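Here's the structure we're looking at; comments come further down.
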């Protein structure tokens, strides 16, 4: 397969001379990691149209470098980087970086394919190529972390040794109170776990949920100490057994890790696999999953929460990229010039060779390399990437300004604006809150939006010529501006990300359907499907004149397929049969017509009933379904007695049980009424 | 071909060392304590001298300077690395000068007269090749290594001159040198040690446990109690992270408080510092370097957690180094003996 091939790995020679990288070396197998350098969603769109997310600068360092540094410092010796969207750029970046030097303690293999559409695809490929030999660390290319996972790793290995490979995955979570800035709302989870073994019993995303349900059976297993926690921040770092890749292959519908976790938990009894969790108190581990997270991770980084991955550490070891660190978290690269009267208030990172004019006021901002900033510029929570020109008298607050953007004089960027690559704005214009400007026309996108599997990755549209025809709107981007507005709306307190999401809804594979939150208890779902199947079976039986024993056989196999109890089979069968005329002819049947249609059917299916309805309890079940049916169809009460009589005559129901049902206390007014109904009474007396 | 093999082996070692240095800051790395870092650095420099390709002293210095820059950048808070690089550079200069036959003294004289007459920074180009240079330099580096091995013992040996019977000694945090110093004194004398715990990392607790195991009467106090207790203390003995060129200290957080309290009570403050901690740097603003590993991450609060204090030289009574005791005002002289002025900036 052309698309799937291309394992362009590059192995470096000789790790022989390296010494001591922690306890991992005691194991015969070197620790491996799978790094997914694609997000498979479009949270950062349209910025990611020009640059893959893993290469977006965070504190002037590409995100993937943080992830690789994290992996290396935990003792990972072999990393497989899977790229899809703009794989060549990622590859180029990695080949130039220190990770691909022959002396790197962590051998990086780059595997690219256009075919990956989700995490599931990547792991299936891991399995297909049998890349992993033992436990591996699974991370995304946008995870920033300094968590020490060696303890979790040890626990994981210990569990696997003890329990014969039952535990397939250990997720790393960090304690962090709800509503904390570093928590991503989309990833808010509620977790029920066994406090002794740290086994996850229930895992649930809580975004947009009003109500939570826990299946009771999770509390019946194992030990008697449980924790239900909402104060956990998912670091998106998981230690996986090789089985994880196999399980992804076996279950080709698993797209995300969330699918996987839920699949494992639901099928725990069948497959016997378990997932554990490691909760860490210290350390930092966050996935930069949207622009809001980008903001909070950047500011945490500058405030040194991710020590030792601080901006001045220059861990990527690039020449001339070192910076000095001084009080109030101000970092300056080499060759920075600061004009007279300019102030760097606090938490400011300025890249190399950037010059800043006079009387500027900068706080809580990150400025990239080779930028020029004019006089009287006010930057607050601004993220300015490389080679940006900002003229004088500009105000930018809480916005992202990408590479090579030009902001002309007198421009004001209100909160949560995004200026994607190469945009020109101004002069003298104020962009309202939440404006996203890109050189790509939004229409280009809409053409492709139909494709639901579109991720960051899809090819750039073919509608180039169309775009070129459209002129830039000077009212939107200023007289000399270049770029198209993607979305301009006033947001109350919602984020950038929110709006980017609304803009491009195709959050691909992960089905954020409404049914997602409340896990539909599998039974109710199955019952419904079973009912449909029974209906179909009977219908076919009628059309093709299938013998009753074959019908029974079919229903029996359905019963096992959907794990339906006998009681439910009887009730469903009854209700399906009683509904049958309505199904066929529509609900406006008169009682007389109904009876006329139903009676021959009953006669035909009597053997089926007789096969199931045997014991007294079965009769009662059948009758309760009967009652339920007519409670809903109160206009057909006249028909009821005839049907009942017929069923009696066909020996589906017995006299005693009908009497017993009749005399049994009715629970609701309506059912009492039903019993009082003239017809039934007469029927009763007739019996 | 042995040549390229050697080269890769060397670069591999350098990379591994850089990696360790990088991780050293998190406390997870294998390098613990500055003495070990100093030894590792020197051993690596010896290896570079032995294995790298160079024909003249100038080449070698350039190589070492380049690698040195990377090493210092890998862990900016650890000054020992830079110090050892400067020491080795100085050794190369000396050996070169000796090979040329010029007197060592003349080269390092730094008089006003010389400054005025010589014009340029240095007319030396170090280009002349000498066959004997390599073994000589390696020999000198070996000597340096031996010196490094013995530093802690040399300092500890002087303990009896400074600690007398029934004295009350105060110290702060944990310093291996001070620990060895006190333990050495405890073999002959009986005295009481008060340890300030040095929050938030509380290395003082470890120190106190270790001292009491050695049979020294030890009390742990909180940092807030330093001033209150100071009136009973006879001597303050502390370690330091770096000795600066002006005779000041860059020492663990809380030391400045301690030094001020000692000054107020006119208690002598003795600093145990091996020579390799002597750095040609003067005070820089960036004395903050922090580990936020132990606290909850807060979103709306700026937390500053400085790890090092600057202690001005006037608060310090005496330095005890492996070559004897010195007053802070004498540090400049040691500096010019150990490092060449041109190497101050790598």
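Beyond 16 Å, what share of the Cα-Cα pairs of segment A:372-413 remains, rounded to the nearest whole percent?
Values: 186 of 861 pairs.
So the portion of pairs separated by more than 16 Å is 22 percent.
Restricting to Cα atoms and excluding each atom paired with itself, what does the Kirkwood estimate give for segment A:104-144 in Å? Could you put the intermediate results ahead of the total?
Details: mean 1/r = 0.0841 Å⁻¹.
Across segment A:104-144, the inverse of the average 1/r is 11.9 Å.
Hey, what did segment A:32-287 get for relative contact order, percent, Cα under 8 Å, at least 6 apart?
Numbers: 460 pairs, mean separation 63.2, N = 256.
The normalised contact order for segment A:32-287 reaches 25 percent.
Could you put A:199, B:65 in order, starting from the residue whose Cβ has the fewest other Cβ atoms within 10 Å?
Values: A:199 21, B:65 14.
So the ranking, lowest neighbour count to highest, is B:65, A:199.
Work out how far the C-alpha atoms of segment B:135-197 reach from end to end along every principal axis, then list the three figures in whole Å, largest first.
51, 26, 14
So how do A:75-88, B:49-62 stack up, highest first, on mean other-Cβ count within 10 Å?
Most protected by this proxy first, the peptides run A:75-88, B:49-62.
Work out how far the C-alpha atoms of segment A:153-239 reach from end to end along every principal axis, then list the three figures in whole Å, largest first.
So the three principal-axis extents are 38, 29, 17 Å.
Apply the a/c threshold of 1.5 to the C-alpha gyration tensor of segment B:153-343 and tell me whether it is rounded, prolate or oblate.
Details: a/c = 1.69, a/b = 1.03, b/c = 1.63.
It is oblate, given that a/c is not under 1.5 and a/b is not larger than b/c.
Taking the simple approach of a point 7 Å from Cα along Cα-to-Cβ for both residue A:210 and residue A:673, what is their distance in nm?
Calculated label separation equals 3.0 nm.
To the nearest µm²/s, what D does Stokes-Einstein give for segment A:96-247 at 25 °C and 0.890 mPa s, using the Kirkwood radius over alpha carbon pairs as Rh? Walk me through the numbers before you get to the answer.
Working: Rh = 17.8 Å.
Rounded to a whole number, D works out at 138 µm²/s.
So how long is each side of segment B:168-219 along the principal axes, counting just the alpha-carbon atoms, biggest first, in Å?
Projected onto its principal axes, the Cα set of segment B:168-219 covers 34, 18, 16 Å.
Among A:663, A:197, A:73, rank each residue by its count of other Cβ atoms within 10 Å, from fewest to most, as a rough exposure measure.
On the way: A:663 10, A:197 15, A:73 25.
By the 10 Å Cβ count, ascending, the order reads A:663, A:197, A:73.
Taking a cut-off of 29 Å, what percent of all Cα-Cα pairs in segment A:32-287 are separated by more than that? Please report the intermediate quantities before stating the final value.
Details: 9030 of 32640 pairs.
Summing the P(r) of segment A:32-287 above 29 Å gives 28 percent of all pairs.
Quick check on segment A:591-632: take the gyration tensor over C-alpha atoms, sort the square-rooted eigenvalues as a ≥ b ≥ c, and tell me if it's rounded (a/c under 1.5), prolate or oblate. If you can, show how the numbers build up before the last one.
Working: a/c = 4.13, a/b = 1.29, b/c = 3.21.
Verdict is oblate for segment A:591-632.
Quick one: A:209, A:578, fewest Cβ neighbours within 10 Å first, how do they rank? Could the numbers behind the result be given before it?
Details: A:209 14, A:578 25.
Ranking A:209, A:578 by Cβ neighbours within 10 Å, fewest first, gives A:209, A:578.
Starting from the Kirkwood radius over alpha-carbon pairs of segment A:328-388, derive D by Stokes-Einstein at 10 °C in a medium of 1.306 mPa s and give it in µm² s⁻¹.
Working: Rh = 10.8 Å.
After rounding, the answer is 147 µm²/s.
By how many nm would the segment from residue A:634 to residue A:584 lengthen if fully extended, with 0.36 nm per residue of separation less the alpha-carbon distance? Don't jump to the answer; show the numbers that get you there.
Values: separation 50, 0.36 × 50 = 18.00 nm, distance 1.91 nm.
Gain on stretching residue A:634 to residue A:584: 16.1 nm.
Please give the contour-minus-distance gain from residue A:128 to residue A:422: 0.36 nm per residue of separation, less the Cα-Cα distance, rounded to one decimal in nm.
Numbers: separation 294, 0.36 × 294 = 105.84 nm, distance 4.07 nm.
101.8 nm is the gain from fully extending residue A:128 to residue A:422.
For segment A:527-570 and segment A:37-105, what is the separation of their Cα centres, given in Å?
54
From the Cα gyration tensor of segment B:142-252, with a ≥ b ≥ c the square roots of its eigenvalues, which class applies: rounded if a/c is under 1.5, or else prolate if a/b is larger than b/c, or else oblate? Walk me through the intermediate numbers first.
Details: a/c = 1.71, a/b = 1.27, b/c = 1.35.
Taking the square roots of the gyration eigenvalues as a ≥ b ≥ c, segment B:142-252 is oblate.
Hey, could you grab the Kirkwood Rh for segment A:212-336? Inverse mean 1/r over distinct alpha carbon pairs, Å, one decimal. Can you show the working numbers first?
Values: mean 1/r = 0.0534 Å⁻¹.
After inverting the pairwise mean of 1/r, the radius is 18.7 Å.
Tell me the Kirkwood hydrodynamic radius of segment A:526-684 in angstroms, computed as one over the mean inverse distance between distinct C-alpha pairs. Mind showing how you got there, number by number?
Values: mean 1/r = 0.0628 Å⁻¹.
Here the Kirkwood hydrodynamic radius works out to 15.9 Å.
Modelled label-to-label distance, residue A:327 and residue B:125, 7 Å Cα→beta-carbon offset: nm?
Distance between label points: 4.7 nm.
Throughout, read-outs are computed from the coordinates displayed, never taken from laboratory work. Since this is a predicted model, take the numbers as computed values, not measurements. Positions of Cβ are generated from backbone atoms using ideal geometry, with glycine treated the same way; all protein chains shown enter the neighbour counts.
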